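So the structure is just underneath, and the comments pick up after that.
Nothing in this text is a laboratory measurement; each read-out follows from the coordinates by a stated rule. Keep in mind the model is a prediction, meaning the values are calculated, not measured. All Cβ positions, even for glycine, are placed from backbone atoms using ideal geometry, and neighbour counts span all protein chains on display.
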Amino acid sequence: MKGAAKIIGGNIIGFTDIDEGKARAAAREIGGKVYESNTQAVLEGDLVFLAVKPQTLRSVLGEISPAVKGRAGSGKPAVLVSMVAGWTIAGIQEALRGSVWNENPLVVRIMPNQPALIGEGVIALCASHEVRGETIAALERILSGAGIVDRIDEEYFNAVTGLSGSGPGFAYLFIEALADGGVRAGLSRERSLRYAVQTVLGAAAMVKETGRNPGELKDMVASPSGTTIEGIAALEAGAFRGTVMSAVQAAHHWARRVAHPHPPSGDSAF
């Protein structure tokens, strides 16, 4: 929420949590406020972010459903913004409506990744057709403080989870392996890690800033009979690219397993 606080001001952001201490700590960090309950958050907030475990969401939706319905009936509906893995927009709307409410609640689904915590994330976004364009634009502006925001059809959310959602974990593993390689070659652990981090950061920046294909940039640094091509040959012998692709696919498949309105207890897309 730090990025959002910089854009819209922390004083209009509120928190509620089953652990009141956590809510108060988060509010203190950005100068925000604490709601007494989830219901109060819905009654007072225009954009209500749902950030709970998949197995907890159904009970939270049951708790706030009357408030969501009441606001819809008043002509000032709250927009629910879910970042809960495995719950589709339709599933959230169904759980909110129950058997006595025929209208579709306003629901937006987002999938941020861990680097959003420092303003360098990827946030995929899709919305139910009931959400107005100006509302989505305002939400995008708020989320832009956490990284790049990309509107995408909900059918691709599991692929997003496999790539950008789980991807940081794969990248950390690669950085750690680079650093281990430096230690094996004789560098200190501290220096190896610092070099590995900057190398990956710089390589990513080269792709982003130049707009060139990674393969093209790889060819530019891989001189004939040079050290880089020898290292690439070792990576290829270890099926490096195929293994990374399989990792993304495995994460994608697992996300598909929990992508329904009733995720089994303990499952998580990350």
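Some points to look at:
- Out-of-range pairs (alpha-carbon distance over 30 Å; input 33/69; 76/208; 33/208): 76/208; 33/208
- When the charge dipole of the chain is built from unit charges on Cβ atoms (+1 for Lys and Arg, -1 for Asp and Glu) and taken about the Cα centre, the candidate among 215, 172, 41 whose Cα reaches farthest toward its positive end is 41.
- To the nearest ten degrees, helix 54-73 and the longest principal axis of the Cα atoms of the chain are 40 degrees apart.
- Which of 157, 197, 225, positive extreme of dipole for the chain (C-beta unit charges): 197
- Principal axis dimensions, largest first and in whole angstrom, of segment 85-162 by Cα: 42, 28, 19
- Nearest-20 debye value, segment 112-225 charge dipole, Cβ charges on Lys, Arg, Asp, Glu: 560
- Contour minus Cα-Cα distance for residue 206 and residue 190 (0.36 nm per residue): 3.3 nm
- Fluctuation leader among 146, 239, 85 - the chain, Gaussian network, Cα springs under 10 angstrom: 239
- For segment 167-257, the dipole from Cβ point charges (+1 on Lys and Arg, -1 on Asp and Glu) about the Cα centre works out to 300 debye, to the nearest 20.
- Between residue 213 and residue 118, the simple label model (points 7 Å from Cα in the Cβ direction) yields a spacing of 3.1 nm.
- Dimensions of segment 2-154 based on its C-alpha atoms, expressed as ranges along the principal axes with the largest first, amount to 42, 35, 30 Å.
- Each of (1) 55, 37, 33; (2) 72, 37, 34; (3) 56, 43, 35 is a candidate for Cα extents along the principal axes in Å; the one calculated from this structure is (2).
- Assigned charges on the beta-carbon of Lys, Arg, Asp, Glu; segment 2-154 dipole about Cα centre (debye): 220
- Net charge contributed by nearby residues that have their C-beta within less than 13 Å of residue 179 (K/R +1, D/E -1): +1
- Once the chain from residue 236 to residue 25 is taken as fully extended at 0.36 nm per residue, the excess over their C-alpha distance is 71.2 nm.
- Placing a label point 7 Å from the Cα of residue 245 along the Cα-to-Cβ direction, the residues of segment 160-174 with a backbone N closer than 20 Å are 160-168, 170-171, 174.
- The antiparallel fraction among DSSP beta bridges confined to the chain stands at about 25%.
- Degrees separating the helix 133-143 axis from the principal Cα axis of the chain, which is the longest one: 50
- Mean Cβ neighbour count within 10 Å, used as a protection proxy, ranking 121-128, 194-201, 88-95, 213-220 highest first: 121-128, 88-95, 194-201, 213-220
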